[in-house]
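Worksheet for the structure shown next.
Rule-based calculations on the coordinates, nothing more; no lab input. Remember, predicted model here, so these are calculated numbers, not experimental data. FYI the Cβ positions are ideal-geometry reconstructions off the backbone, even for glycines, and counts take in every protein chain you see.
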Amino acid sequence: MHRLARAGGTAELLRWLAGRAEGWAGIVGPDGTVLHAAARTAGAMVPDVAGLVAESANALVERGVQAYSVDTGEHTALLFPLGGFPRSVFLPGAFPQGVGDPAAPVLAVVTPRRVAAGLSTLLADVVLPLSLCLQAETLERKRRRVDLAESRGREAVLHLLMTGQLSIAQQVAGALRPRLPDPVRVCVVECSGDGRDEVARVCVDADGGRSWIVRCPVYARHLILIMPAEDAEDAGEKAPEPGAAPTDEAVAARVGDCVVGVSEPVPLADTATGYRQAFHALAVARELPTRHARFGVSPDPALVVGPAGRRWADELLNPLLTHVPRRAQDPGSQELLATATSWLAFSSHATDHLKVHRNTLAARLRFIGDLLGLDLHRLADQAALDLALRVRATPAPACTPEAPSSAPPVPYASGTSTAATAADGLDAILCRPAVRDWAGRQLAPVLGDQRLAPVPGAEETLRTWLRCEGRLGPAAAELGISVPGARKRLTRLETVLQRSLLRPPSARYDLWLALRSRDLAAARQ
């Protein structure tokens, strides 16, 4: 009995009992509801076993006895109450009246006549291990529900941070530990197989539990850590040992098959930017023997567009920001903004991030495209929308001040379509000197400058891939190479550019903007 209890729990004990009784064994609630059951064979089932057991259980409860038997002529039902259960053990609704009182769950066995010698004694002996198994399994289900609730709560906080809803995220996070740090570094850990739980324990041990750890809702092998940017000791939390390696480096060193990418220090409100940086660093870390990389210094394009870029972004997004749904059940402005942000970051994986069906996502994207006058199948319009959303999420004082420029003012001519206005306005923004400088830094590893030698074939591969809307098959056909060959080229480009290209969040929007800025500058010369 104890061996079966340790190895298989309630289910194995009941199967063993059904075999010994040559009939049926189960656990029933005080109202006769069958909670667990096992039968020796299909032929061993008693006609209307549920009715027989329910009637016997009700009789046992009414009489308040410690054992009860019913003889039907062909079969005998033997019942023993399973005692020793405190009410708090069970989840709400697990048993109709709770346990630890006369209405405890009951072990019921139905055996053919005549009853085998010693069976009643055997059932009395099995009550204790069966009771303990039932308690342990109920507690385990409760623990899993608590773990799931905490995991979903952390995932909700991350979603709020990624969509810029900082105050709500802090309110929701207040009930969980540790508190959200500010400023932060975002770390993405790629684990092997089902090792996320073990890696999460290593992360907690490495930094004393100071990081906010979330299981990525999009990539099943990723853990996301929101770590304090500084090593200052948080109140009530264990600080790292003096001279200890940073958390991200310690995790890469201690877990031999994980890969780690880390962002620059960013304000908590810019968690989405930090996540993109960490994801790009992860693409670089996969090619390094240390399996660890930190994001290189490269400003976000939202920081260099200036006030004119902010006006352009506001104008482009205005139909979406002011949208009022016709029906209460339709998505509102904030939900559509979150959908657009998630889709631009995760592509089709946005269904996992937003917890919506793919048809719902497709319908929302069609509506967003119609609302803004954009074709979201085109990479150019995707890049424009991505830049506008990032500009809107960036605090205004952080934008580069307006500098004298020979670029024409951003046009907002009446009578033109939203898409045409957006394209003309974006081109004017991309002609700003600060944006041209940013574009030069982005493309330097590909085009080469005074410090870097150009990579042969890199520009052609990059331009072709972007011209094919970031699709690998058409790009390979246009380059005249196989799809695996095109993938290898882009993988090498990821290492050169230190950005993720093949998996979202991808740097393709930034690269499209950078190449467009360079081409506009060349056309003006």
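Using R0 = 30 Å, the C-beta based FRET efficiency linking Asp194 and Thr491 works out to 0.70. Distances between placed amide hydrogens fall under 5 Å for Leu501 paired with Ala507, all partners being 5 or more residues away or on another chain.
Under the rule a/c < 1.5 gives rounded, and otherwise a/b versus b/c splits prolate from oblate, where does segment 318-357 land using the Cα gyration tensor? Oblate, since a/c reaches 1.5 and b/c is not below a/b.
Evaluated at 4 °C with a viscosity of 1.567 mPa s, what Stokes-Einstein diffusion coefficient in µm²/s does segment 281-394 have when Rh comes from the Kirkwood expression over alpha-carbon pairs? Provide the component values of the computation, followed by the final result.
Details: Rh = 15.8 Å.
Taking Rh from Cα pairs, D becomes 82 µm²/s.
When you count the other C-beta atoms within 10 angstrom of each residue and take the mean per peptide, 135-146, 104-115 line up highest first as 104-115, 135-146.
With the highest mean first, a sort of the peptides 354-365, 17-28 on other beta-carbon atoms found within 10 angstrom per residue produces 17-28, 354-365. Rg and Dmax of segment 143-211, based on Cα coordinates, read 12.9, 35 Å.
Between Leu288 and Thr121, the contour length at 0.36 nm per residue exceeds the Cα-Cα span by 53.5 nm. Cα centroid separation, segment 244-282 to segment 474-514: 23 Å. Sorting the segments 325-332, 337-344 by their residues' average number of neighbouring beta-carbon atoms within 10 angstrom, most packed first, yields 337-344, 325-332. Percent of Cα pairs in segment 281-345 per distance bin of 5 Å, from zero to the largest separation: 4, 13, 12, 15, 15, 11, 10, 9, 6, 3, 1, 0.
Along segment 502-507 the Karplus relation, 6.51 cos²θ - 1.76 cosθ + 1.60 evaluated at θ = phi - 60°, assigns HN-Hα couplings of 7, 10, x, x, 9, 7 Hz to successive residues, with x for each Gly and Pro. Rounded to whole numbers, the Karplus 3J(HN,Hα) couplings from phi for segment 110-120 are 10, 10, x, 6, 8, 5, 4, 4, x, 5, 4 Hz, using 6.51 cos²θ - 1.76 cosθ + 1.60 with θ = phi - 60°, and x at Gly and Pro. Ellipsoid semi-axes for segment 452-508, based on the Cα gyration tensor and the rule √(5λ), read 16, 14, 10 Å when sorted largest first. 3J(HN,Hα) along segment 336-351, derived from phi through the Karplus expression 6.51 cos²θ - 1.76 cosθ + 1.60 where θ = phi - 60°, amounts to 5, 4, 5, 5, 4, 5, 5, 5, 5, 7, 10, 6, 5, 5, 4, 4 Hz, with x in place of Gly and Pro. Segment Asp352..Val483, full-extension length gain: 44.4 nm, with 0.36 nm per residue of separation and the alpha-carbon distance subtracted. With the simple model of a label 7 Å out from the Cα in the direction of the Cβ, Leu472 to Asn359 spans 2.9 nm.
Taking amide H as placed 1.01 Å from N in the peptide plane, Thr76 has its amide H under 5 Å from the amide H of Thr111, Arg113, each at least 5 places away in sequence or on another chain. For Leu35, the residues whose amide H sits under 5 Å from its own are Ile27, Val28, Gly29, ignoring neighbours fewer than 5 places away on the same chain, with H placed 1.01 Å from N.
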